[in-house]
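Just so it is clear, none of the values below were taken in a lab; they were calculated from the coordinates. Since the model is a prediction, treat every value here as computed from it, not as a measurement. Cβ placement follows ideal geometry from the backbone for every residue including glycine, while neighbour counts extend to all protein chains displayed.
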Amino acid sequence: MKGGTVQINWHDTKPVLTCDFHPISGLLATGGADYDIKLWATVSTIDQKKAPGVTYQSSLSYHSSAVNALRFSPSGEQLASGADGGELILWKSHTTDAGEVWKVLKSLVFHRKDVLDLQWSTDGAYLISGSVDNSCIIWDANKGSVHQILDAHFHYVQGVAWDPLGTYAASFSSDRTCRIYINKPSKTKGIEKTNYVCQHVISKAESQINDESKSTRSHLFHDETLPSFFRRLAWSPDGSFLLVPAGSYKSAPTSEPVNTAYVFSRKDLSRPALMLPGASKPVVAVRFCPTKFSLLGTNTSSSFKLPYRLIFAVATLNSLYIYDTESIQPIVIVAGVHYAAITDIAWSPTGKFLALSSRDGYCTLLEFENKELGVPIPSSEEKQDIGDADKSPVLEAVNDSSNAASLDSGKEIEEKPQKEKEESKDEKQASPSAGVPTSKPAKRRITPMAID
């Protein structure tokens, strides 16, 4: 593995707030506080000492405010982008003699305030968005109209995720709740329509009081003082579990809260089954590698019982941890590469590249060697029944302290950008484009834990 912060002018030195890879071509899209979306081609290097880079391809200029979220559709034919002021744009790819050109297809109008996160449904027919107006909206992407409004949150909706199997959707707010919605189709004049209703409101968990039989309920998540406008959660590619950031776990009422990400099993989405603690700063984003890998068969104590390996990245305000479902400790740790908060994570379609965006105006790009992460499983050989509720993997407890992993146990990169970029004084504090620089994380022990 090699990589580092790519020292180029990404978005006119303004914060880079979001990034995503095209699912087919591998083109990297970034959105920034300069109001633009930019497309980049990744550049691999043979030299082991030289980090990968990017070459500029084109700019998509239409937004009139900072671009906070962007995601390519599953087919790669469209791109959705959300910005301050409630702007939500659908772009469509067109092939011309001069090459590929992206043009505005639709403007989705309903959000009253900043759009902070969005995601496509697996079939590309729908889009879900979360906003500072405290609501989630499910859009009909073909019609460009509102399909359903989910407005039960009491504060900013900073993360949304769609179950790849289409049964569930999830939203995450700074009101300290994660809401799980289940699709209960409604019929109108014999026509069945998608209809999501809230099934679980996840907010608190019980913790024991000393040795007594009594217990108390404590909040699972950070409150609105978390210095980030993003809480980007994600489903695993097979739908077997949901990974949720911004965790703040207390094992006892008097104990200090621990920053963590929670794992929710599809078998029971009402409570977390596993936690990944140890980060010195809050977790703000998680993202799964879209590729599945063959089992290594070297670890029998894994908490995830899957017939293949899934790999996922967990980003805190100032560091990155990469895990796989067959090991206990993180397999990669990246720290000290940015002066300001990390805002988003993206994996290339084959898992060869991983990108991080940051409010310091730069992006970090990691490149993995062939089969470094494992042997990819061809899509024709993937088992399709793992996501079924009755066959979801069981997450087993990991309480043995011998399984703990220090930050030195994984591969680690520590790098400083060449110079710190100051944010403009006229940027609004209430906007995601404004932020507070964070320091290098302290080394702490990381032990995935089952929550009883």
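At a glance:
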item: Rg over Rh, two decimals, the stretch 36-96 (C-alpha only, Kirkwood Rh); result: 1.08
item: Label point distance in nm, Lys204-Ala152, each placed 7 Å from Cα along Cα→Cβ; result: 1.7
item: Kirkwood Rh in Å, taken over the stretch 51-166 so that all alpha-carbon pairs contribute; result: 14.7
item: Theoretical FRET efficiency, 1/(1+(r/R0)^6), r = Cβ-Cβ of Ser25 and Asp47, R0 25 Å, to 0.05; result: 0.55
item: Stokes-Einstein D (µm²/s) once Rh is taken as the Kirkwood radius of the stretch 209-324 over alpha-carbon pairs, at 20 °C in 1.002 mPa s; result: 139
item: Proxy reagent accessibility, fewest Cβ within 10 Å first, across Ser248, Ser228, Ser25, Ser348; result: Ser25, Ser248, Ser348, Ser228
item: For Lys106, Lys187, order by how many other beta-carbon atoms lie within 10 Å, fewest first; result: Lys187, Lys106
item: Summed side-chain charge close to Ala234 - residues other than Ala234 whose Cβ falls under 13 Å, Lys, Arg +1, Asp, Glu -1; result: -1
item: Projected label distance in nm at Lys371 and Thr55, using a 7 Å step from Cα toward the beta-carbon; result: 3.0
item: Computed P(r) (all Cα pairs; the stretch 111-176; 10 Å bins; percent); result: 25, 56, 19, 1
item: Environment charge of Ser203, counting only residues whose C-beta is closer than 15 Å and scoring Lys/Arg +1, Asp/Glu -1; result: +3
item: Distance histogram in 5 Å bins (all Cα pairs of the stretch 1-116, percent per bin); result: 2, 11, 21, 23, 18, 13, 7, 3, 1, 0
